[in-house]
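As structure tokens, the structure follows; a few thoughts come after it.
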Amino acid sequence: MIDFIKKFMRRRSLKKAGSKVESGFIPLSQVHGAVAFIDVEDTSFDQCKNEMLLFFRRHNIHGELFYFDFRKLGDGERLITSINGTVLKKDLNWFDRPSDEKINVMLDGDPELFISVLDSTDYPIEYMAKASTAKFKIGRRQLPDNVFDLVVSDANSPRSEVEVFRLIASFLEKVS
């Protein structure tokens, strides 16, 4: 019964928050702002973060990075990412919807590009992707309702987040 209620609330929440903005391919030259999502549990997350920041700087794009960090931190462990840009387990409500604070930070600046290198289709990234008003959405795993305009799948040959981002960056530079 709880699963039914959780699924109902998720569908209802997505319907309410889903962006009405049409998305599709746009050239890199039309991108002035971007949001990108990284999983801190991927071993290449730090390298991926650095390469994303460098890519955004090189192309004069205001890039905002978000980190999904659902680990349980033990005594003495500290968060290794910015608290403003990190979605923690405590930032999710009972049916896994990210907090308004995190959603508003993502929507601030009205970015044209949304990138997810998360190897996941879990509800938090689905919610963020569907709520995003970005005109071009790129992901690693397609979400229900075909949210992403471009999917860089590595299902047949698993890659790290940084390798997936390099493929995305290469593609974006070709369509600039």
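Summary of values
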{"item": "Gyration tensor verdict on the range 45-145 (Cα atoms; rounded if a/c is under 1.5, prolate if a/b is larger than b/c, oblate otherwise)", "result": "oblate"}
{"item": "Global geometry of the range 1-75, whether rounded, prolate or oblate, following the gyration tensor of its Cα atoms and the 1.5 cut on a/c", "result": "oblate"}
{"item": "For the range 1-129, share of DSSP beta bridges that run antiparallel, in % to the nearest 5", "result": "5"}
{"item": "Neighbour cut-off at most 15 other Cβ (10 Å), DSSP loop, GluC sites (Glu not before Pro), the range 1-68", "result": "Glu22, Glu41"}
{"item": "For the chain, the Rg and Dmax computed from alpha carbons only, in angstrom", "result": "15.8, 51"}
{"item": "222 nm mean residue ellipticity, helices alone, for the chain (DSSP H n ≥ 4; -39,500 (n - 2.57); rounded to 500)", "result": "-11000 deg cm²/dmol"}
{"item": "Size of charge dipole - the chain - debye, nearest 20, with Cβ of Lys, Arg +1 and Asp, Glu -1, no other charges", "result": "560"}
{"item": "Loop-located trypsin sites (Lys or Arg not before Pro) in the range 77-137, at most 12 other Cβ atoms within 10 Å (DSSP)", "result": "Arg78"}
{"item": "Relative contact order [Cα under 8 Å, 6+ residues apart], the range 33-132, whole percent", "result": "35"}
{"item": "Relative contact order computed over the chain (Cα-Cα under 8 Å; 6+ residues apart), in percent", "result": "29"}
{"item": "Backbone HN-Hα couplings from phi across the range 45-55 [Karplus 6.51/-1.76/1.60, Hz, Gly and Pro as x]", "result": "4, 5, 5, 4, 4, 5, 5, 5, 4, 5, 4"}
{"item": "Cross-link pairs beyond the 30 Å C-alpha cut-off, checked among Lys49/Lys102; Lys7/Lys89; Lys7/Lys49; Lys15/Lys174", "result": "Lys7/Lys49; Lys15/Lys174"}
{"item": "Distance from the range 123-157 to the range 1-57 (C-alpha centre basis), Å", "result": "7"}
{"item": "Placed amide H near Ile38: partners under 5 Å, 5+ positions off or other chain", "result": "Phe66, Tyr67, Phe68"}
{"item": "Cβ-defined net charge surrounding Met52, 12 Å radius [Lys, Arg +1; Asp, Glu -1]", "result": "0"}
{"item": "Interchain or long-range residues, amide H under 5 Å from Leu143's placed H", "result": "Phe148"}
{"item": "Cleavage-rule hits (trypsin sites (Lys or Arg not before Pro)) in the range 1-30: DSSP loop, at most 10 neighbouring Cβ within 10 angstrom", "result": "Lys20"}
{"item": "Under 15 Å from Lys135, Cα to Cα: aspartates and glutamates that are on another chain or at least 8 residues apart", "result": "Glu22, Asp108, Asp110, Glu112, Asp149"}
{"item": "Residues of the range 81-98 with amide N under 14 Å of a point placed 7 Å along Cα→Cβ from Lys72", "result": "89-90"}
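Laboratory data are not the source of any read-out in this text; all were calculated from the coordinates shown. Predicted, not measured: the structure shown is a model, and the values here were computed from it. Please note: Cβ atoms are built from the backbone with ideal geometry, for glycine as well, and neighbour counts cover all protein chains shown.
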